[in-house]
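A quick write-up on the structure given underneath.
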Amino acid sequence: MKALIHTKYGPPEVVSLADIPVPVPKKNEVLIKVYASTVNRTDSGFRSANYFVSRFFSGLFNPRNQVLGCEFAGEIAALGGEVTAFNIGDRVFGFNDSTFGGHAEYMTTPADKAIAIIPEGMAYEVAAALTEGCHYALGNIRAAKISKGHKVLVNGATGAIGSAAVQLCKYFGAEVVAVCETKHIDLVKSLGADTVIDYAQEDFTRMTHSFDVVFDAVGKSTFGKCKPIIKEKGIYMSTELGPNFENPFLAMFTPMLGGKKVLFPLPSINRADVEFIKKLATQGAFKPVMDRTFRAEEIVEAYKYVETGFKTGNVILSMAP
């Protein structure tokens, strides 16, 4: 089968198109014929291993899982002997950042993990983009217990995580102030943001308003810079480790001080989360923002584009012939 593999860590150029055997599903797994995946920050991070800590999960010196692609959408081609929840031919989507595999024509994934049936009428390309940004946003929103009456600022509202965060915060009843660049103001308003700030015109950290939660979905601010706009017992969250890896350490100590605090929840996703995301998509409460689509042979260009830091929502990778 056709697959995009990397045998060493490094820049986008370490990934190449190759022919490898079709994987055989274990007794609790399904084999999926992949039609679409995404190229995202999770894939980029594990490919580059710029954060050395990622190697403790992916391989200290060389990657154990040579085919990346944590998001996937496709059709079940075979079942492991113990699988009863799915049938051959089912259209499915999901997330797997343990063994990855979405950047290939076929992949296997456990049938009891983060996988679900694609909503009726939804294209594979849309389904492939449902989980990564949304589950990261959902984990942070749950950790901060965002609900009706809260005032939330989302910085980086056009990324996969930020655009999901805006929609999810509105779903849970919060008032949302979103930060983005000029050309995306109308897009972010369409996601439900109550107020949109153009970062080219205004420094959100100098606002006179205060927030229950400041969620930096692009990791370009710091707790110190945002403290003036956080309420006395408010919360700062970021998708990045921060300067000198400060965010995990601040998350350990600031909650004990009783005032403004940092949360840094570890991301997780399970079958129930995917079903919840599916429900939101079916109800129209969440729609992944789509940027552009690359073919498998354009994988290096896709990674380079993602790593500019200026993609809008999700970058799709087409694995269809």
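Mind pulling the angle between the C-alpha long axis of helix 132-144 and the longest principal axis of the chain? Nearest 10 degrees, somewhere in 0 to 90.
With both axes taken from Cα atoms, the answer is about 40 degrees.
How much length would be gained if the chain were fully extended between L60 and F276, taking 0.36 nm per residue of separation minus their Cα-Cα distance, in nm to one decimal?
Separation in residues times 0.36 nm, less the Cα-Cα distance, equals 74.3 nm.
I'd like the antiparallel share, as a percent to the nearest 5, of DSSP beta bridges with both residues in the chain.
Percent antiparallel among DSSP bridges in the chain is about 55.
When ligands, DNA and RNA are left out and all protein chains stay put, how many square angstrom of accessible area per residue does the stretch 58-131 have with a 1.4 Å probe?
So the stretch 58-131 comes to 39 Å² accessible per residue, rounded to a whole number.
To the nearest 0.05, how large is the calculated FRET efficiency for A143 and E13 if R₀ is 30 Å and r is the Cβ-Cβ distance?
The computed FRET efficiency comes out at 0.25.
Local charge sum around I88 (other residues, Cβ-Cβ under 13 Å, Lys/Arg +1, Asp/Glu -1)?
Once all neighbours under 13 Å are counted, the net charge is 0.
How long are the three semi-axes of the equivalent ellipsoid of the stretch 224-321, in whole Å, if each is the root of 5 times an eigenvalue of the C-alpha gyration tensor, listed from largest down?
Over the Cα atoms of the stretch 224-321, the semi-axes work out to 34, 20, 13 Å.
Need one number: nm distance between label points at N28 and F249, each 7 Å from Cα along Cα→Cβ, rounded to one decimal.
3.8
How long, wide and thick is the chain, going by the Cα atoms along their three principal axes, in whole angstroms, largest first?
If we take the Cα atoms of the chain, the spans are 58, 42, 39 Å.
How many percent of the accessible area of the stretch 1-141 is carbon or sulfur, using a 1.4 Å probe?
Of the solvent-accessible surface of the stretch 1-141, carbon and sulfur hold 55 percent.
Pairing the Cα long axis of helix 160-171 with the longest principal axis of the chain, what angle in degrees results, from 0 to 90 and rounded to the nearest 10?
Between the helix axis and the principal axis of the chain, the angle is about 60 degrees.
Over 30 Å between Cα atoms: which of K148/K260; K151/K311; K145/K227; K233/K278; K183/K225; K26/K304 fall into that group?
Violating the 30 Å limit, Cα to Cα: K233/K278; K26/K304.
The values are calculated or read from the model by the stated rules, or taken from the named source; none is laboratory data. These figures come from a predicted structure and were not determined experimentally. Heads up, the Cβs are rebuilt from the backbone with ideal geometry, glycines too, and the neighbour counts pull from every protein chain shown. Accessible surface areas use protein heavy atoms only, side chains included; no ligands, DNA or RNA. Shrake-Rupley method; radii C 1.70, N 1.55, O 1.52, S 1.80 Å.
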